[in-house]
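I have placed the structure first, in the form of structure tokens, so that the comments after it can refer back to it.
The values are calculated or read from the model by the stated rules, or taken from the named source; none is laboratory data. Note that this is a predicted model, so its numbers are computed, not measured. We place every Cβ from the backbone using ideal geometry, glycine too, and count neighbours over all the protein chains shown.
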């Protein structure tokens, strides 16, 4: 046993946990660390941090750790943790809230591709009202390329990524599973208004 | 019976054949699917992961259109669209301020009237009434599907009543039983395929799917059956890669539930567009003399 003393900055802890609880609608304090969530989490092996650990970090005010761990980005929103939690805490809602906070605070996402994917998906939706897979994948790969050039694996990483996606794209085309026409909805002005309200 | 219908983006693109099958098969079961006008993308998980307001507002616009359509019920075959739309409806039921903020931007306001149905809600109803069995000209003897529900058919991040077990749902098994297919018992029916991780975190998604694939093979399934377009696309498109990476030699077709019902009704494989699968999916049906 280590003799380290647990120190908690109560004020900071309260404000972080409070903000996440308010945004996610989840009662973090109800967690009694039974770890049923951890047992069911399909990505726990990859992330190291499981839902119970994340909740603990938040309660203890460990902001740096809570905002910088793989669970926030690799959570697949399968909702297994939440449906198995005896106290009904949905950690997928918590990882959503943390992603929003990371974006608002202009912090670097730990897995940029995940952030790029969701942002590209919504950008495409904001253009036509429906997702156009070709446009969406184009925006996504442009974002990835920018990341790789500025701080990632450089040109080789970009080429590998595009090759992988092109392989799937070609196979989908052969099976007529890609459509080329653009479905632009008539009510775009409404959709645009919703997008601008979302930015406020 | 006329019923409102929200196909969503997938059914207009990568799984357009699911849209064709839904209209045909449900039509023969007595449902006249009325696609709601000028619908928009539900935002899927991307909206939820990016912006709380959009996660509700995007499906809310569709709810307004559906409420104005005058139909009592709307069927949404895509598990993700169904989940997001249902969550938006539930959220707006309990949050008048948010409803007012969103309705202020909509020409057709959310009224909270329309009852949302997943494709399984509709099919289980028809299995219970005996109509699916009655319409099954061909019994699907020899077909041993692993019924794959994925995440969003049974799990929601808020309190939602589902008419089935969360951990061990039986709706698809009931439908398969009515068709004369012998659904296997297995342990991964509600496990996650990774969804969009197949694009943005492929190794993770392939690993998750390898568990699903291994269990289905070990339990003796000769195909998968699903209702979710994302699960179908992922398992189908990456099965070869999963097999190579994790040493699985079997390749199982990943059918939509509508394909199995369609085959049993005597609809041709070409009409159902079963040639749109990555994994060869016709030979199994031929070998069992089902087509």
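Structure values in brief
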| read-out | value |
| --- | --- |
| The stretch A:154-178: number of residues that are outside any helix (DSSP H, G or I) and either surrounded by fewer than 16 Cβ atoms within 10 Å (Cβ to Cβ) or more than 8 Å from every other protein chain (Cβ to nearest Cβ) (or both) | 1 |
| Matching helices (runs of 4 or more DSSP H) fully within the stretch A:41-93 where at least 1 residues are within 12 Å of chain B (Cβ to nearest Cβ) and free of Cβ contacts under 8 Å to residues at least 60 places away in the same chain | A:44-47, A:70-74, A:80-84 |
| Residue A:145 being part of a helix (DSSP H, G or I) and either touching a helix residue (DSSP H, G or I) at 6+ places or on another chain (Cβ under 6 Å) or over 25 Å from residue B:8 (Cβ atoms) (or both) | yes |
| From the options B:221, B:183, B:178, B:195, residue that is in the same structural domain as residue B:277 (by TED's automatic domain parsing) and at positive phi | B:195 |
| Residues of the stretch B:93-125 that turn out to be in a helix (DSSP H, G or I), farther than 11 Å from residue B:60 by Cα and touching a helix residue (DSSP H, G or I) at 6+ places or on another chain (Cβ under 6 Å), as a count | 3 |
| Residue match in the stretch B:176-185 (condition: buried (at least 17 other Cβ atoms within 10 Å of the Cβ), within 14 Å of another protein chain (Cβ to nearest Cβ) and either touching a helix residue (DSSP H, G or I) at 6+ places or on another chain (Cβ under 9 Å) or within 19 Å of residue B:85 (Cβ to Cβ) (or both)) | no |
| Within the stretch B:15-38, tally of residues that are assigned to a loop (DSSP other than H, G, I, E, B) and surrounded by 23 or more Cβ atoms within 10 Å (Cβ to Cβ) | 1 |
| Unmet requirement for residue A:135, which otherwise passes all of (1) more than 9 Å from every other protein chain (Cβ to nearest Cβ); (2) more than 24 Å from the chain's Cα centre (by Cα); (3) in a helix (DSSP H, G or I) | (2) |
| Residue ID - farthest from the other protein chains (Cβ to nearest Cβ), chosen from residues in the stretch A:94-108 that are crowded, with 19+ Cβ neighbours inside 10 Å and closer than 12 Å to residue A:73 by Cβ | A:98 |
| Residue list for the stretch A:80-101, filter: farther than 23 Å from residue B:167 by Cα and under 10 Å from the mean Cα position of the chain (by Cα) | A:96, A:97, A:98, A:99, A:100 |
| Test: residue in the stretch B:36-44 that is under 25 Å from residue B:258 (Cα atoms) and in contact with a strand residue (DSSP E or B) (Cβ under 6 Å, 6 or more places away or on another chain) | yes |
